[in-house]
Each structure stands twice: as C-alpha cells, then as structure tokens.
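J.: Sending over a structure as structure tokens; questions will come in a sec.
The values are calculated or read from the model by the stated rules, or taken from the named source; none is laboratory data. Note that this is a predicted model, so its numbers are computed, not measured. Note that each Cβ is placed from the backbone with ideal geometry, even for glycine, and that neighbours are counted across all protein chains shown. Side chains included, ligands, DNA and RNA excluded: accessible areas come from the protein's heavy atoms. Shrake-Rupley method; radii C 1.70, N 1.55, O 1.52, S 1.80 Å.
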Amino acid sequence: MSMIVAERLTKQFPGESRMAVAQVSFQVEPGELVVLLGPSGCGKTTLLKLVNRLYEPSAGTLLIEGVDVRSMPATALRRRIGYAIQQTGLFPHLRIEQNIAVVPRLLGWERQRIEARIDELLDLVGLPRSYRRRYPRQLSGGEQQRIGLARALAADPAIMLMDEPFGALDALTRTRLQDELLAIQRQLRKTILFVTHDVEEALRLADRIIVMREGRIVQFDTPLNLLTRPHDAFVRQLTGADDLLRHLSLMTVAMALTPGTPPASIANLPPLAPQDDLRTALVRLLATKAEGLPVGSNGQAQGWLSLAVLRQMLGEI
Amino acid sequence: MRYLIANWPYVGELFLEHLWLTLSALLIATAIALPVGVILSRVAWLRTPVLGILGIIYTIPSLSLLVLLIPFLRLGYRPALVTLIAYAQLVLVRSVVVGINGIEPAIIEAAKGMGMNSWQRLLRVELPLALPVMIAGLRVATLSTIAIATVAAFVNAGGLGTLLFDGVRSSNSEKIIAGAISVSLLAVAANILFRRAEIWATRSRGPT
Ligand SMILES: Nc1ncnc2c1ncn2[C@@H]1O[C@H](COP(=O)(O)OP(=O)(O)O)[C@@H](O)[C@H]1O
Ligand SMILES: [Mg+2]
C-alpha cells in the first residue's frame with residue numbers, strides 16, 4: 001500500500017484569488033525519499049503542511065497508509081509524522097536532550113526508553129552525547145539542524161516532512177548534512193517528503209522528484225528522467241539540462257543500472273560501485289571504450305552500466 | 001531622620017501595611033492579567049478593544065479613581081485594592097500578550113507540528129519563553145503599584161502614604177522625609193529583586 005496518497009488536494013487561502021495548491025494528486029511509496037522542487041512561492045510548503053494538517057485542505061483528500069488524515073485528531077497525526085524546518089524551531093529554553101524528547105514525552109514513553117533514545121539519536125546524527133545538557137544557542141547552525149533532524153526522528157515516525165532543512169547552511173555544511181541524511185535514510189528507510197528549491201540538492205537526495213509550478217505538479221519522476229525527459233520547457237530550464245555534465249556528477253550509477261548479469265565481454269573489467277557518480281562512470285566508460293562496465297560491490301555484480309543506455313538517455317536531450 | 005529613628009515601630013507597621021497592600025494587589029492583578037493576556041494572544045480581534053479599555057483606565061488619575069470608588073466600596077483597604085488592581089492591568093496584560101506574540105513563529109510552528117495541543121504549547125513553550133517579558137512587566141507594575149499605594153492613604157487605606165499626608169497637613173517635614181525614604185527603599189528593593197529575576201529567566205537558556 002502506498003504510504004501517502006493525495007487526491008486532487010487543493011488549498012486556497014482565504015482572500016486569495018489563486019490556489020496555493022491546486023488539485024494535486026500523487027502517491028508516495030514506503031521508504032521513498034521524494035523531493036518537492038520548484039521556485040519560491042509555488043506551493044511546496046503549503047503542500048507539506050497539508051500532510052500534517054498544519055493547514056486544512058480546501059478540497060481533496062490525503063490518505064496515510066490508506067487512512068484519511070481527517071479521521072484522526074491532528075495532534076495524534078502529527079506525533080506520528082516527523083517535522084523538520086529550516087529555522088529549526090528548536091525550543092531555546094530547553095536543553096538538547098529535552099528538545100529531542102518532546103514527542104516521546106507527548107506519547108508517554110517511559111523515562112528509561114527516552115533516555116536511551118536520546119543517546120541513540122545523538123549517535124545517529126553524529127553529535128557527541130555530551131551535547132545533551134547544552135542549550136540550542138550553544139550549537140552551530142549545522143549542529144542545530146542535526147538536532148532538528150534528531151528531534152523529528154525521535155519517536156521513530158514512518159513519515160518525515162522536511163521543509164528546506166539545509167537551506168540556511170553554508171555550502172560545505174549543507175553537502176555534509178545531505179550525505180548524512182542519505183546515510184541515515186539507507187539505514188532507516190523512512191518515507192520522506194523533502195522540500196527544496198535547490199536543484200542540486202533535489203538531484204542528490206531524491207528517489208523521485210515532484211516538480212511544482214504555481215500550485216500544480218508539472219512532473220513527478222526520477223532525477224535521471226527529469227534531466228533526460230523533461231516534460232516541458234519549464235522543467236528543462238529549472239533542472240538546467242544544459243548543465244548535464246555537472247548534474248550527472250550528482251547522481252549515482254545505481255540510478256542508471258541495468259540489472260542482471262553483465263555481458264561476458266565486459267565481465268572482467270574493473271567494476272563500478274553503485275555509489276559512484278555518473279559523471280565519473282561516463283568518463284571511465286569512454287576511456288575503456290567498452291560497451292559497458294560491471295557494477296558491483298565486494299566482487300558481487302549487481303548489474304551493469306550500459307554505454308548505449310546512457311547514450312540514449314543523454315541523446316534525448 | 002530623627003522622626004524615623006524615634007518612631008520606627010510605627011513606621012515599620014505602616015511599611016508592612018504598604019507592602020501587604022502592594023503584594024495582595026499584584027497577586028490578584030496577575031491572576032487576572034495572565035488568563036486575559038493569554039486569551040488576547042490567541043484571539044486577535046479582542047486585542048485592540050480590551051487593551052484600549054485598559055488604557056483608558058490607566059489614564060484616569062489615581063486620586064479620582066479612588067474617590068470615585070468610595071460610594072461603592074467605602075473608605076479603607078478595599079477601594080485602594082481595586083484601584084491598584086485596575087491600574088496594573090494594562091502593563092501586565094500587555095506584557096503577557098507581547099511576551100507570547102513575540103515568540104519566533106518557527107518555534108510555535110514546530111510546537112504545533114510535533115503534536116502539542118493548545119495547553120501543552122502554552123505551558124511548555126509559550127509561557128516559559130514569554131517569562132522574561134512578563135517579569136519585566138511585573139517589575140514596572142510593581143513600581144507603579146508601590147507609588148500609587150502611597151496615594152491610597154487618602155482614603156484611609158493606611159500604608160506609608162499616611163506619613164506623607166499627615167506630614168503635609170501638619171507641616172511636619174520630618175514625617176514627610178520619613179515616608180519618602182521608606183517608600184523609596186521599598187521601590188528600590190523591589191526593582192533590584194525583579195531585575196535579578198529577569199536576568200535569571202533569560203539566563204536559564206544557557207550562557208551565550
Ligand atoms: N498563510 C498563508 N496565507 C495566505 N497565503 C499564503 C499563506 N501561506 C502561503 N501563502 C501563499 O501561497 C503560495 C504558496 O506559498 P508556499 O507554499 O509558502 O510556497 P513555497 O514553499 O513553494 O515557497 C504563495 O503565493 C504564498 O504567498
Ligand atoms: Mg517554502
């Protein structure tokens with residue numbers, strides 16, 4: 001069953017002529033990291049807040065694990081959904097441990113379970129346990145954002161909503177946190193809706209990307225398809241298809257993998273790793289002049305990367 | 001000074017009367033202002049009319065209000081108490097509203113987004129974060145209450161104002177000085193106390 005199903009979801013703010021979110025329908029599968037991408041004001045935040053009912057829809061329905069979100073109290077719904085925002089919204093009067101413990105406390109967890117969870121989460125987001133007794137303002141911006149992530153993950157929700165969580169960080173910190181989010185995601189397999197207006201961030205993080213424009217979904221597709229088969233000029237311009245080579249470096253071999261046993265002719269060539277970026281892979285492909293390269297880790301072939309497939313993808317632009 | 005030293009038990013008694021009048025007025029005033037302020041912080045359209053009315057009360061000269069209340073409450077402690085409570089409302093209610101509405105919107109959004117209900121948000125987030133502003137308001141209200149309580153002696157409410165009024169009536173400057181010094185002492189002490197409390201409330205978010 002899909003984790004999140006939106007059906008003609010619409011939000012029109014009182015006194016506004018146009019709809020902030022207009023009849024949006026989509027499905028997100030369990031364990032997917034879906035990025036909402038689009039220019040400022042296109043309705044990303046509004047759509048996100050419709051999911052945890054910080055906004056109520058004007059029309060349409062939203063199902064989570066098949067259940068209409070309006071069939072349960074908003075507070076109960078929100079305690080089941082992790083929520084992390086750009087400004088962090090950490091409580092300045094509470095210590096880090098208290099900030100992380102907010103939702104578990106609301107859920108009435110036992111003290112020992114909460115204590116253990118706090119340590120576990122600090123480990124997960126790569127901060128020392130000695131930070132427990134600190135206050136938010138004693139942490140750097142990047143560290144505060146990690147606490148925001150830990151706090152959102154605290155009660156182990158199946159769904160996470162993240163609204164430009166890394167938007168206010170410097171480029172270096174942002175990249176590092178993106179990597180860590182991916183590592184955490186590989187481990188936890190949450191269903192994540194992640195808002196950003198940064199194309200590179202979207203390409204790096206997303207399993208699939210929802211491109212939005214003026215409250216509507218223009219295209220809902222994989223990063224590679226977005227680049228190689230943009231639905232229209234808007235998407236092409238947004239993803240900067242001209243910057244293809246640079247964008248290839250943001251994506252992994254795994255995204256263009258042909259599953260199965262590689263052809264015998266290339267089976268013995270040095271393999272690519274699934275996490276290698278596509279640009280490096282293309283360069284190596286062209287250098288070896290082979291029809292493809294095996295892909296695998298620890299001597300185990302997972303499939304292969306075909307030059308023809310890659311060519312075809314690139315050629316369609 | 002001579003009067004003060006010679007009559008310290010009497011002055012002490014008036015001092016305690018003054019303190020009691022101030023404290024009881026502030027206690028009741030806070031008990032009213034806190035819920036009113038919380039409601040105003042949530043119901044935007046009530047804010048302007050209610051604060052407007054409190055503002056009008058605030059501008060009535062204290063002596064007139066005291067005298068106006070005599071027909072209803074007679075002379076003594078009661079009209080003084082009511083007057084002091086009424087005067088403190090504007091400052092106290094406003095500090096609660098400003099304290100709560102001044103909280104960074106992202107913090108409130110996070111509190112909602114994590115599933116706190118209205119009460120949990122109020123008790124765990126809004127009031128603790130509004131505390132420094134509310135203590136500052138309480139400080140200002142306390143100082144003005146101490147001052148206005150002096151006037152309350154005019155309606156036989158007792159307190160240190162008694163020394164001032166008696167002194168003026170009998171041209172006894174020693175009495176006036178004794179009264180003035182005692183009131184100032186009380187005000188300065190209250191000021192120091194609340195400043196401490198403000199600093200404590202702000203510091204309890206960790207040193208910068
Ligand atoms: N609370 C609100 N009241 C009225 N209009 C709003 C509100 N929130 C957002 N909007 C409008 O809805 C549109 C979408 O906003 P938003 O979802 O915040 O966009 P994004 O997150 O993509 O930048 C914008 O035109 C914005 O002005
Ligand atoms: Mg936004």
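J.: Just a yes or no: is a residue in segment A:65-75 more than 9 Å from chain B (Cβ to nearest Cβ) and touching a strand residue (DSSP E or B) at 6+ places or on another chain (Cβ under 7 Å)?
T.: yes
J.: Can I ask one more? Would segment A:88-95 turn up any residue that is crowded, with 20+ Cβ neighbours inside 10 Å and within 16 Å of ligand 1 (Cβ to nearest atom)?
T.: There is at least one residue in segment A:88-95 that is crowded, with 20+ Cβ neighbours inside 10 Å and within 16 Å of ligand 1 (Cβ to nearest atom).
J.: What residue, of A:Ala84, A:Ala76, A:Ala59, A:Ala22, is out of contact with any Pro (no Cβ under 9 Å at 6 or more places or on another chain) and either surrounded by 15 or more Cβ atoms within 10 Å (Cβ to Cβ) or not aliphatic (A, V, I, L, M) (or both)?
T.: Unique residue meeting the criteria: A:Ala22.
J.: Helices (runs of 4 or more DSSP H) wholly in segment B:29-105 with at least 3 residues that are more than 24 Å from B:Ala157 (Cα to Cα) - which ones?
T.: Working: elements: B:44-59, B:62-73, B:77-101.
Of the helices (runs of 4 or more DSSP H) lying wholly inside segment B:29-105, those with at least 3 residues that are more than 24 Å from B:Ala157 (Cα to Cα) span B:44-59, B:77-101.
J.: Quick one: in segment B:164-205, of everything that is among the polar types (S, T, N, Q) and not in a helix (DSSP H, G or I), which residue is nearest to A:Arg134 (Cα to Cα)?
T.: Looking at residues that are among the polar types (S, T, N, Q) and not in a helix (DSSP H, G or I), I get B:Ser204.
J.: On to the next question. What do you reckon, is A:Arg80 in the same structural domain as A:Arg208 (by the TED database), away from ligand 1 (no atom under 16 Å from the Cβ) and among the basic types (Lys, Arg)?
T.: yes
J.: Another question about this same structure. Looking only at segment A:26-53, filter to residues that are without any contact (Cβ under 8 Å) to a residue 40 or more places away in the chain and more than 10 Å from ligand 1 (Cβ to nearest atom); which one of those is nearest to A:Met162 (Cα to Cα)?
T.: Looking at the filtered set, the residue picked out is A:Arg53.
For every residue, the table says whether it meets (1) polar (S, T, N, Q); (2) over 25 Å from A:Ala183 (Cα atoms); (3) surrounded by fewer than 18 Cβ atoms within 10 Å (Cβ to Cβ); (4) in the same structural domain as A:Thr10 (by the TED database).
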position: A:Glu200; (1), (2), (3), (4): no, no, no, yes
position: A:Val211; (1), (2), (3), (4): no, no, no, yes
position: A:Gly215; (1), (2), (3), (4): no, yes, no, yes
position: A:Val218; (1), (2), (3), (4): no, yes, no, yes
position: A:Asp221; (1), (2), (3), (4): no, no, no, yes
position: A:Leu224; (1), (2), (3), (4): no, no, no, yes
position: A:Thr252; (1), (2), (3), (4): yes, no, no, no
position: A:Pro259; (1), (2), (3), (4): no, no, yes, no
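J.: For A:Arg105, state whether it is within 14 Å of chain B (Cβ to nearest Cβ), within 16 Å of ligand 1 (Cβ to nearest atom) and outside any strand (DSSP E or B).
T.: Taking the combined requirement at face value, the residue does not satisfy it.
J.: Same structure, new question: Return yes or no: is A:Ala76 under 30 Å from A:Phe220 (Cα atoms) and not in a helix (DSSP H, G or I)?
T.: For A:Ala76, the condition - under 30 Å from A:Phe220 (Cα atoms) and not in a helix (DSSP H, G or I) - is not met.
J.: Restricting attention to segment A:20-30, does a residue exist that is within 16 Å of ligand 2 (Cβ to nearest atom), in a loop (DSSP other than H, G, I, E, B) and either among the basic types (Lys, Arg) or more than 11 Å from every other protein chain (Cβ to nearest Cβ) (or both)?
T.: Yes, some residue in segment A:20-30 is within 16 Å of ligand 2 (Cβ to nearest atom), in a loop (DSSP other than H, G, I, E, B) and either among the basic types (Lys, Arg) or more than 11 Å from every other protein chain (Cβ to nearest Cβ) (or both).
J.: Still on this structure, I have one more. Of all residues in segment B:71-120, which are touching a Ser or Thr at 6+ places or on another chain (Cβ under 8 Å) and away from chain A (no Cβ under 14 Å)?
T.: Of everything in segment B:71-120, those that are touching a Ser or Thr at 6+ places or on another chain (Cβ under 8 Å) and away from chain A (no Cβ under 14 Å) turn out to be B:Leu81, B:Thr83, B:Leu84, B:Tyr87, B:Ala88, B:Val91, B:Leu92, B:Val96, B:Val97, B:Asn101.
J.: Considering only segment B:1-41, how many residues are open to solvent by 40 Å² or more (accessible area, probe 1.4 Å) and without any contact (Cβ under 8 Å) to a residue 40 or more places away in the chain?
T.: Counting residues in segment B:1-41 that are open to solvent by 40 Å² or more (accessible area, probe 1.4 Å) and without any contact (Cβ under 8 Å) to a residue 40 or more places away in the chain gives 13.
J.: Just one of the numbered conditions (1) touching a residue at least 60 places away in the same chain (Cβ under 8 Å); (2) crowded, with 16+ Cβ neighbours inside 10 Å; (3) not hydroxyl-bearing (Ser, Thr, Tyr) is not true of B:Ile181; which one?
T.: Every condition holds for B:Ile181 apart from (2).
Here's the yes/no breakdown for (1) open to solvent by 30 Å² or more (accessible area, probe 1.4 Å); (2) in contact with a strand residue (DSSP E or B) (Cβ under 8 Å, 6 or more places away or on another chain); (3) farther than 24 Å from B:Glu198 by Cα:
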{"residue": "B:Pro61", "(1), (2), (3)": "yes, no, yes"}
{"residue": "B:Phe72", "(1), (2), (3)": "yes, no, yes"}
{"residue": "B:Leu75", "(1), (2), (3)": "yes, no, yes"}
{"residue": "B:Thr83", "(1), (2), (3)": "no, no, yes"}
{"residue": "B:Val96", "(1), (2), (3)": "no, no, no"}
{"residue": "B:Asn101", "(1), (2), (3)": "yes, no, no"}
{"residue": "B:Glu109", "(1), (2), (3)": "yes, yes, yes"}
